[in-house]
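Report on the structure given below.
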Amino acid sequence: MFDRVLILAGKTGGLTTPEALAKGLPFLIVHPIKGQEERNADHLLEEGAALRCNNFPVLAHKVDALLNDPSRLTHWRANARRLGRPQAAFEIVRVLLRTQGRMPIIGRKAPCRTPAVRR
C-alpha cells in the first residue's frame with residue numbers, strides 16, 4: 001500500500017507505524033492521541049524518523065520543505081528504515097516453530113504438528 005509514498009502525514013497508530021517503518025517511510029505526525037500514539041510519536045521523533053506538526057496551515061509548508069531538500073529526506077527515510085522490521089511476522093513464526101516443543105500447550109495432551117513455513 002505504501003510503495004509510492006515518500007512521507008506519511010498522519011497518526012502514529014499501532015498498525016500504521018510498523019507498516020510505514022517496514023517500508024522506510026518517515027512520518028509527519030499530526031495530532032497523535034494520548035497513550036500509544038503519543039509514545040510511538042515520541043519514539044519516532046527521538047530516532048529522527050519523524051517531525052510533528054499539529055498546525056494544519058503549516059503542514060503544507062513542512063511537506064514542501066522536506067520534498068525540496070532531498071538529502072534531509074534521504075536521511076529521514078534511512079532512520080525510518082533502520083527502525084522498520086519488514087520481516088517481523090516471519091521472525092515471530094520462526095521463534096514459535098523453534099520453541100514449539102518447549103512451549104506449554106494449554107488444553108492439549110500432545111504438541112500439535114505445524115507445517116513448515118515457506119517464504
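All of the numbers you see were taken from the coordinates with simple rules; none came from a lab. Quantities reported herein were computed from a predicted structural model and do not represent experimental measurements. Using ideal geometry, Cβ is built from the backbone for each residue, glycine included, and neighbour counts are taken over all protein chains shown.
Once phi is turned into ³J(HN,Hα) by the Karplus curve 6.51 cos²θ - 1.76 cosθ + 1.60 with θ = phi - 60°, what whole-Hz value does each residue of segment 3-18 show in order, with x for glycine and proline?
Karplus-based 3J(HN,Hα) across segment 3-18 equals 4, 10, 9, 9, 9, 9, 9, x, 8, 9, x, x, 9, 5, 4, x Hz.
If amide H atoms are built 1.01 Å from N in the plane of the peptide, which residues on other chains or at least 5 residues away come under 5 Å of the amide H of A9?
L28
So what are the ³J(HN,Hα) numbers for segment 84-93, from phi and the Karplus equation (6.51, -1.76, 1.60; θ = phi - 60°), rounded to whole Hz, Gly and Pro as x?
Karplus values, whole Hz, x for Gly and Pro: x, 10, x, 9, 4, 4, 5, 4, 5, 4.
Please give the net charge around L21, taking every other residue with its beta carbon less than 12 angstrom from that of L21, where Lys and Arg add +1 and Asp and Glu add -1.
Working: positive: K23, R77, R81, R82, R85; negative: E19, E47.
It works out to a net charge of +3.
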